[in-house]
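Reading through the structure tokens given below for one structure.
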Amino acid sequence: MTETLDIKITKTPNSRLEQTDFNDLPFGRTFSDHMFVADYEDGEWKNFQIVPYGDISVSPAISALHYGQSFFEGLKAYKHADGTVSVFRPDKNAKRFNKSAERLCMPTLPEDIFIQSIAAVVDIDREWVPGKANHSMYIRPFMFATDRYLGVAPSTTYKYMVLLGPTGPYFSKTLRVKIETHYTRSAEGGMGYAKSSGNYGGAMYPAKKATEEGFDQLIWTDAKNHEYIEEMGAANVVFVLDGKVITPSTRDTILDGVTRDTVLTLAREWGYPVEERRVSVAEIIEGAKNGKLEDAFGAGTAATIAPVGSISLNGEEYFLSDPKTREFSQRVLRELDAIKYGNAPDTHGWNYIV
Ligand SMILES: *Cc1c(COP(=O)(O)O)cnc(C)c1O
């Protein structure tokens, strides 16, 4: 433990809380009253502040805009029935934040500063954490380069910020997904394991094409031969095949998701055989054909547990069972919600109480 962060707090004189419609909270559009900001200068983090949420001013020459020195994190806060507010596993995001920073030649942030900055701004805007089922407060920490310099070189100054937004369910339906066999999200030696902004910009074009073809999501495959499954959109993907919980093992092309880890931890505790390994497109399609593919879902903080309804490969669509009848994903969803919303004992210490 380190000492408490010295944060300068400027509260907004005009809260938007009363005008906000908590019955209409699409992901990513509503922001709370405050945000956290810190600066990296002269080799250290300084100017820790909480200020009213709003636009910021930066130089048009920053390398975040030109060369993509920018990355983010995503986690959530939940309101329990007794009013307690907890953040889910922020220690995992703190570690991943620094993995992304290192890959992009950006400064790391001490884990306790990451966690305290989030706790402080969530605490100030705790009235913004929705109390309804399936609702939460999305937390978006991010960092970007701020040098006024057009050279292709790591910046010497950076900003770290945290935004908060109350949010409802992300996907509300069963997903029709397509196995992508042409475009690539990340390659070996690349930065797929980092939550680097450029990864998402590059994924938009293939995702748009898939949407035009009537799909909700893409399943990414390996860059070399498109033979192995990697992820689903911006979520990890988990299957139950012939009684075993199977998911692609993490490597430099795959984001090591907190939800993925949580799902696998629960699966192991419940006695399911769990396999983290290369997962071939062929075995998943075979399982979809012969009925041994019992379950398939995306796992991520924003998406939570997003059931796959059908998988398409080269124009052929394979339908899976009705998600409500699936034993594993339904159990995971129930247990995850129970823990996050404080309705089940938090035996793993996953809830960070604010
Ligand atoms: C954020 C993200 C995930 C999910 O990670 P969580 O920690 O579970 O939210 C998976 N894949 C990609 C590409 C992501 O960006």
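Heavy-atom accessible area for Val58, with the other protein chains in place and a 1.4 Å probe, reaches approximately 60 Å². By the helix-only formula, in which each DSSP H run with n ≥ 4 contributes -39500 (n - 2.57) and the sum is divided by residues, the chain has a 222 nm mean residue ellipticity of -7500 deg cm²/dmol. In degrees between 0 and 90, to the nearest 10, how far off the longest principal axis of the chain does helix 90-103 point, with axes built from Cα atoms? Here the helix axis deviates by roughly 90 degrees.
Rounded to the nearest 10 degrees, the inclination of helix 258-269 to the longest alpha-carbon principal axis of the chain is 50 degrees.
Here the range 1-99 has 48 percent of its accessible surface on carbon and sulfur atoms, given a 1.4 Å probe and all protein chains in place. Fully extending the segment from Lys292 to Ser280, taken as 0.36 nm per residue of separation minus the present Cα-Cα distance, adds 2.9 nm. The local environment of Leu218, defined by Cβ-Cβ distances under 13 Å, has a net charge of -1 under the rule Lys, Arg +1 and Asp, Glu -1. The listed residues Lys92, Lys76, Lys11, Lys99, once ranked by accessible area (1.4 Å probe) with the largest placed first, stand as Lys11, Lys99, Lys92, Lys76. Restricting attention to the chain, close to 80% of DSSP beta bridges with both partner residues there are antiparallel.
Go through 196-203, 271-278 and give me the packing order, highest mean Cβ count within 10 Å leading.
196-203, 271-278
Note on Asp42 and Ala153: with the Förster distance fixed at 22 Å, the Cβ-Cβ geometry gives a FRET efficiency of about 0.80.
A Förster radius of 25 Å combined with the Cβ-Cβ distance from Asp82 to Asp112 puts the calculated FRET efficiency at roughly 0.40.
Could you work out the relative contact order of the range 260-354? I mean the mean sequence separation of Cα pairs under 8 Å and 6+ apart, divided by the number of residues, in percent. Don't jump to the answer; show the numbers that get you there.
Details: 73 pairs, mean separation 17.2, N = 95.
Across the range 260-354, relative contact order equals 18 percent.
Total lysine pairs in the range 207-354 at Cα distances under 23 Å, for residues eight or more apart or on different chains: 8. Specify the angular offset, from 0 to 90 degrees and rounded to the nearest 10, of the alpha carbon long axis of helix 111-124 from the longest principal axis of the alpha carbons in the chain. Long axis of 111-124 versus the principal axis of the chain: about 80 degrees. The modelled label-to-label distance between Phe27 and Ser321, using points 7 Å beyond Cα along the C-beta direction, is 2.6 nm.
Run the numbers on the chain and let me know its relative contact order in percent, using alpha-carbon pairs under 8 Å that are six or more apart. Could you put the intermediate results ahead of the total?
Working: 729 pairs, mean separation 63.3, N = 354.
Dividing the mean separation by the residue count of the chain yields 18 percent.
Each Lys and Arg Cβ is given +1 and each Asp and Glu Cβ -1; about its Cα centre, the range 8-169 then shows a dipole of about 380 debye. Think of the range 175-340 as a dipole: +1 on every Lys or Arg Cβ, -1 on every Asp or Glu Cβ, centred on the Cα centre; then among Tyr228, Tyr205, Pro248, Tyr205 lies furthest on the positive end.
A straight line joining the Cα centroids of the range 301-354 and the range 134-176 runs 24 Å.
Charge dipole (Cα centre; +1 on Lys/Arg Cβ, -1 on Asp/Glu Cβ; no other charges) of the chain amounts to roughly 300 debye. Ligands, DNA and RNA left out, the 1.4 Å accessible surface of the range 185-236 is 53% carbon and sulfur atoms.
Hey, can you find the accessible area per residue of the chain for me, probe 1.4 Å, expressed in square angstrom?
On the way: 16200 Å² over 354 residues.
Value for the chain: 46 Å² per residue.
Using the Cβ atoms and a cut-off under 10 Å, what net charge is assigned to the surroundings of Pro206, where Lys and Arg are +1 and Asp and Glu are -1?
On the way: positive: Lys178, Arg185, Lys208, Lys209; negative: Glu180.
The answer is +3.
The values are calculated or read from the model by the stated rules, or taken from the named source; none is laboratory data. All of these numbers come straight from a predicted model, not from anything done at the bench. Note that we place each Cβ from the backbone using ideal geometry, even for glycine, and neighbour counts take in every protein chain shown. Side chains included, ligands, DNA and RNA excluded: accessible areas come from the protein's heavy atoms. Shrake-Rupley method; radii C 1.70, N 1.55, O 1.52, S 1.80 Å.
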